[in-house]
1. Please work out which residue is nearest to residue A:74 (Cα to Cα), limiting yourself to segment B:454-480 and to residues that are without any contact (Cβ under 8 Å) to a residue 12 or more places away in the chain and under 58 Å from the mean Cα position of the chain (by Cα).
2. Among residues belonging to segment B:285-296 that are assigned to a loop (DSSP other than H, G, I, E, B) and in contact with a helix residue (DSSP H, G or I) (Cβ under 9 Å, 6 or more places away or on another chain), point out the one that is surrounded by the fewest Cβ atoms within 10 Å (Cβ to Cβ).
3. Scanning for something within 14 Å of chain A (Cβ to nearest Cβ) and either over 26 Å from residue B:410 (Cα atoms) or in contact (Cβ under 8 Å) with a residue 40 or more places away in the chain (or both), does segment B:501-509 turn up at least one residue?
4. Taking the conditions exactly as written (away from chain A (no Cβ under 14 Å) and surrounded by 19 or more Cβ atoms within 10 Å (Cβ to Cβ)), does residue B:497 satisfy them or not?
5. Go through the residues of segment B:244-264 one by one and say whether even a single one is part of a helix (DSSP H, G or I) and either closer than 26 Å to residue B:372 by Cβ or outside the structural domain of residue B:361 (by TED's automatic domain parsing) (or both).
6. Any idea which of (1) under 26 Å from residue B:514 (Cβ atoms); (2) touching a strand residue (DSSP E or B) at 6+ places or on another chain (Cβ under 7 Å); (3) within 14 Å of chain B (Cβ to nearest Cβ); (4) at pLDDT 95 or above is the one residue A:86 doesn't satisfy?
7. For segment A:95-108, indicate whether the set of residues that are away from chain B (no Cβ under 12 Å), in a loop (DSSP other than H, G, I, E, B) and exposed (fewer than 12 other Cβ atoms within 10 Å of the Cβ) is non-empty.
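The values are calculated or read from the model by the stated rules, or taken from the named source; none is laboratory data. Only a predicted model underlies this, so the values are computations on that prediction, with no experimental measurement involved. Every residue, glycine as well, gets a Cβ built from its backbone with ideal geometry; the counts of neighbours run over all protein chains shown.
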């Protein structure tokens, strides 16, 4: 999809105890592969905990949920942790409606795993 | 050209009129200057040839002259200009094949002039050619090659009525004149080559522009046959006088378009076909090319061909009046298959097609062929989508006594209606044994064939489990297990499902609702709207899912609306459509029928997004009557 690179950016920050990927822009069917590539690259570094920060996304649909579910599955298989930052807006409501917030390690702003 | 005649200095000495060497040199210098000037103004090889055979010949004092050009690499000399020869010599020597043992050929092939000072030398050295060389009183002949560096440009022959001793000075003089002509000829050839190159470049540019125009036409939102008709129209008179398009249809080939700028000519062609319809055993160039996939070029259409094709005199007259002079027929090839043929004909314009036109006309045909192929693929995709879609959505909802139901599905974009297969579905089915009806609205994440396959699984699993008599929560648990079995442990896709069991009693309707991660339903009572928040986990990912059954009671006139997130997630200039706007909208539809409510919601979200949906949408409204 042309221009989809510009629609989604991923900022990566390494800490001693975790690796954080902050997603900015739009996460949908067109940009999901970019996010998946970044998550795969982060998983390859085998951090003790991978944190996906979805709070800065302008748009996210069920593809964002797929991204988190796939990352959770990957972390479970590898015996590592996955945490997410959902904020308190639309993204959080979407995860609530889907009934999966309680099945994820959800971090508040500034909170560390 | 208007050039002044060059004064001819006679090299012969006359008695009593002593011409000094200096005077001759002066006059020759002036003659050279004039000749140089005239040659410098001449542009084409023909002009140079004419000046060589007239002005230069007169300057030399020759009584006859023929100037020849040799095309690159060809063993033939072509006369540029011949003068001073009477009888049929001029005609006989218009084209001369190079042949050793003939004076001009020897001069060209050796690069050295051949000097024949009188008839005696002619007979001694070239006995075979002497009768021509000394015909009509000619005696001496000088054949000089026209060369510039290693470029072999042709030859010039000067002929004289009297014997002429070609002494050293004379040879130098004639050689210098020939060199001057050769240089002018060289320049003229370059000039002509440049003109031809420029004309070729312009023709190429026009053809590119035409191809671009044809490509745009092939993308026009018209039926493929209409596009081919317009392509035939576009071709005349831009690149041909007549054009036609034939298509292979099963075992026969059909003409779908024919064009000529003059309607009277078109009428003539129609009359020809009406009066003399083609029989099966008659050959037709376009039909043959469409079948074989092999192009045909006829640079000249010989009259014998027309005569052979005619069945009688009137037929021949009609065929001739079409005026076909040159024809090119190329197949419409795509992926190694011929779909038809494009025919172009030059008639009254006098143009001519050659094998060099095959590339351009082939490109044009390929543009049309790809458009045809795309149309066929689109049609195929449409058929697949329609077939799949019919497996995913009910043709019509069953009649539920005391209840009206309305369901709608819309793909993301209206122009995708025929080819899109999405992951949203709505359904109502009866469980006759228990006297209840099952309602479902579901959304499988993603799109494309894999999503469609999972959507079909959702629909058919629910239908089967309902018929087994399971309650709503049990149905979704069975569905969850089925989806996990289907896709393994990959968590590739999930679904959100709102599902309920509906029973009717004399005072209204009761719906036992479960919600597998689906957006909350809405109940409209009078003009008041209430959300039906039922917590639950999405389906297809986790081995255990949390589900709660909730009872919703509808009194007559009350309505339950279930929908997929394409409604609330619709995006417009004002942000997301969102649950608040949806609640306000549904409240404003108080008293409306189930059909009016689902149509009202669809219209509102379509308008909200300027007519374009981002996601597909499914809606189901149930109203107690």
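1. First, the residues of segment B:454-480 that are without any contact (Cβ under 8 Å) to a residue 12 or more places away in the chain: B:460, B:464, B:468, B:470, B:474.
Right, trim to under 58 Å from the mean Cα position of the chain (by Cα) and you get B:460, B:464.
Working: B:460: 30, B:464: 33 Å.
Out of the qualifying residues, it is B:460.
2. B:294
3. Of segment B:501-509, the ones within 14 Å of chain A (Cβ to nearest Cβ) are none.
Within segment B:501-509 (the criterion being within 14 Å of chain A (Cβ to nearest Cβ) and either over 26 Å from residue B:410 (Cα atoms) or in contact (Cβ under 8 Å) with a residue 40 or more places away in the chain (or both)), the answer is no, since none of the residues qualifies.
4. Numbers: away from chain A (no Cβ under 14 Å): no; surrounded by 19 or more Cβ atoms within 10 Å (Cβ to Cβ): yes.
No: the conditions fail for residue B:497.
5. Here is the first cut: in segment B:244-264, the residues part of a helix (DSSP H, G or I) are B:263-264.
Restricting the remaining residues to those that are either closer than 26 Å to residue B:372 by Cβ or outside the structural domain of residue B:361 (by TED's automatic domain parsing) (or both) gives none.
Checking segment B:244-264: not a single residue is part of a helix (DSSP H, G or I) and either closer than 26 Å to residue B:372 by Cβ or outside the structural domain of residue B:361 (by TED's automatic domain parsing) (or both).
6. (3)
7. Of segment A:95-108, the ones away from chain B (no Cβ under 12 Å) are A:105-108.
Cutting the leftovers down to in a loop (DSSP other than H, G, I, E, B) gives us A:108.
Narrowing the set further to residues that are exposed (fewer than 12 other Cβ atoms within 10 Å of the Cβ) leaves A:108.
Checking segment A:95-108: at least one residue is away from chain B (no Cβ under 12 Å), in a loop (DSSP other than H, G, I, E, B) and exposed (fewer than 12 other Cβ atoms within 10 Å of the Cβ).
Residue-wise test of (1) assigned by TED's automatic domain parsing to the domain that holds residue B:42; (2) touching a helix residue (DSSP H, G or I) at 6+ places or on another chain (Cβ under 6 Å); (3) crowded, with 17+ Cβ neighbours inside 10 Å.
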| position | (1), (2), (3) |
| --- | --- |
| B:160 | yes, no, yes |
| B:167 | yes, no, no |
| B:176 | yes, no, no |
| B:182 | yes, no, yes |
| B:185 | yes, yes, yes |
| B:199 | no, no, no |
| B:204 | no, no, no |
